[in-house]
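Chemist: Okay, here's the structure, questions in a sec.
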Amino acid sequence: MAVLETTALHHVRLTVTDLARSRTFYTGVLGFRVAAESAGDPLDPAVREDPEQLYGGVVFQTNGILFGLRPVARAGDRFDSTRVGLDHLSFTVSSREKLEEAAARLTEHGVPHGEVHDLPAFGIAILSFDDPDGIHLELTASL
């Protein structure tokens, strides 16, 4: 038995450099639905530090999890998966066909991406790409 029994992942929040650009990517390209958005000015330091104002960001609802963006990174900063912290974030899709559809959609929107890659030892297929800040994202489907 684990010392701390968790039941699921509740939410993830990423730090981004440009909220408008990232919001457009996650809604327009990936089709995520906005669940809540800060009414405050994301440039206001008081808003950026206030969890009740979502730190000036936006929260999406996707596949039963909450996925947020917090606009506090310096302009020009880029994600680095080799530093302490996040390596990548993977979202589940329902089928390998959905991965192929997603690859076509990414291409249509000019988003560079890898090929759909089968990993039979894990029983999954993946599609890798980056968000506007270079954060490594992945879509995963069962084989």
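Chemist: If you find the alpha carbon centre of region 1-64 and of region 80-143, how far apart are they in angstrom?
Modeler: Computed from Cα coordinates, the inter-centre distance equals 20 Å.
Chemist: Given springs between every Cα pair under 10 Å in a Gaussian network model of the chain, which of Thr62, Thr92, Thr82 has the largest fluctuation?
Modeler: Highest fluctuation of the listed residues: Thr82.
Chemist: Give me the accessible area of Leu139, 1.4 Å probe, in Å² rounded to the nearest 10.
Modeler: The accessible area of Leu139 comes to roughly 20 Å².
Chemist: Taking 0.36 nm per residue of sequence separation and subtracting the Cα-Cα distance, how much length would be gained by fully extending the chain between Ala20 and Asp44, in nm to one decimal?
Modeler: 7.1 nm
Chemist: Let me ask something else. Of all alpha-carbon pairs in the chain, indicate the percentage at a distance above 22 angstrom.
Modeler: Value for the chain (Cα pairs over 22 Å): 45 percent.
Chemist: Give the relative contact order (percent, whole number) for the chain; include only Cα pairs under 8 Å separated by 6+ residues.
Modeler: 22
Chemist: If you add up the charges near Val72, with Lys and Arg at +1 and Asp and Glu at -1, over every other residue whose beta carbon is less than 14 angstrom from its beta carbon, what do you get?
Modeler: -3
Chemist: Mind telling me which of Val16, Val93, Val72 comes out most flexible in a GNM of the chain, alpha-carbon contacts under 10 Å?
Modeler: Of Val16, Val93, Val72, the most mobile in the Gaussian network model is Val93.
Chemist: Does a label point 7 Å from the Cα of Ser94, set along Cα-to-beta-carbon, have any residues of region 27-42 with amide nitrogen under 18 Å, and which are they?
Modeler: Inside the label zone: 30-33.
Chemist: Of all DSSP beta bridges in the chain, what percent run antiparallel (nearest 5)?
Modeler: If we restrict to bridges inside the chain, about 70 percent are antiparallel.
Chemist: Could you work out how much longer the chain between Asp77 and Glu52 gets when fully extended? Use 0.36 nm per residue separation minus the Cα distance between them, nm to one decimal.
Modeler: Full extension from Asp77 to Glu52 adds 6.4 nm.
Chemist: Oh, and also: Work out which trypsin sites (Lys or Arg not before Pro) in the chain are exposed loop sites (DSSP not H, G, I, E or B, at most 13 other Cβ within 10 Å) and give the longest gap free of them.
Modeler: 1-73
Chemist: Under 13 Å from the Cβ of Thr15, count the other residues' Cβ atoms, weight Lys and Arg +1, Asp and Glu -1, and hand me the total.
Modeler: Charge balance near Thr15 sits at +1.
Chemist: Now a separate question. Lys and Arg at +1, Asp and Glu at -1: add these up for the other residues within a Cβ distance under 15 Å of Asp50 and post the number.
Modeler: Value of the local net charge: -2.
Chemist: Further, regarding this structure: With θ taken as phi - 60° and the coefficients 6.51, -1.76 and 1.60, list the Karplus ³J(HN,Hα) couplings across region 104-119 in order, rounded to whole Hz; mark glycine and proline as x.
Modeler: 5, 5, 4, 4, 4, 8, x, 9, x, 7, x, 7, 5, 10, 7, 10
Chemist: What spacing in nm lies between the two simple spin-label points modelled at Asp87 and Thr27, each 7 Å away from Cα in the Cβ direction?
Modeler: Roughly 3.3 nm, to one decimal.
Chemist: What's the longest piece of the chain with no exposed GluC sites (Glu not before Pro), counting a site as exposed if DSSP puts it in a loop and it has at most 16 other beta carbons within 10 Å?
Modeler: For GluC sites (Glu not before Pro) (loop position, at most 16 other Cβ atoms within 10 Å), the longest site-free span of the chain is 50-114.
Chemist: In whole Hz and in residue order, list the ³J(HN,Hα) couplings for region 43-52 that follow from phi through the Karplus curve 6.51 cos²θ - 1.76 cosθ + 1.60, θ = phi - 60°; x for Gly and Pro.
Modeler: 8, 6, x, 5, 5, 5, 9, 9, x, 5
Chemist: What value, in deg cm²/dmol to 500, does the helix sum -39500 (n - 2.57) over DSSP H runs of n ≥ 4 give at 222 nm once divided by the residues of the chain?
Modeler: Result for the chain: -4000 deg cm²/dmol, rounded to the nearest 500.
Chemist: Compute the accessible area per residue over the chain, keeping the other protein chains in place, probe 1.4 Å, unit Å².
Modeler: Here the residues of the chain average 61 Å² of exposed surface.
The values are calculated or read from the model by the stated rules, or taken from the named source; none is laboratory data. All figures in this text were calculated on a predicted structure; none of them were measured in a lab. Quick reminder, even Gly has a Cβ in these numbers, built from the backbone with ideal geometry, and neighbours come from all protein chains shown. Just so you know, the surface numbers come from the protein's heavy atoms only, side chains and all, with ligands and any DNA or RNA stripped out. Shrake-Rupley method; radii C 1.70, N 1.55, O 1.52, S 1.80 Å.
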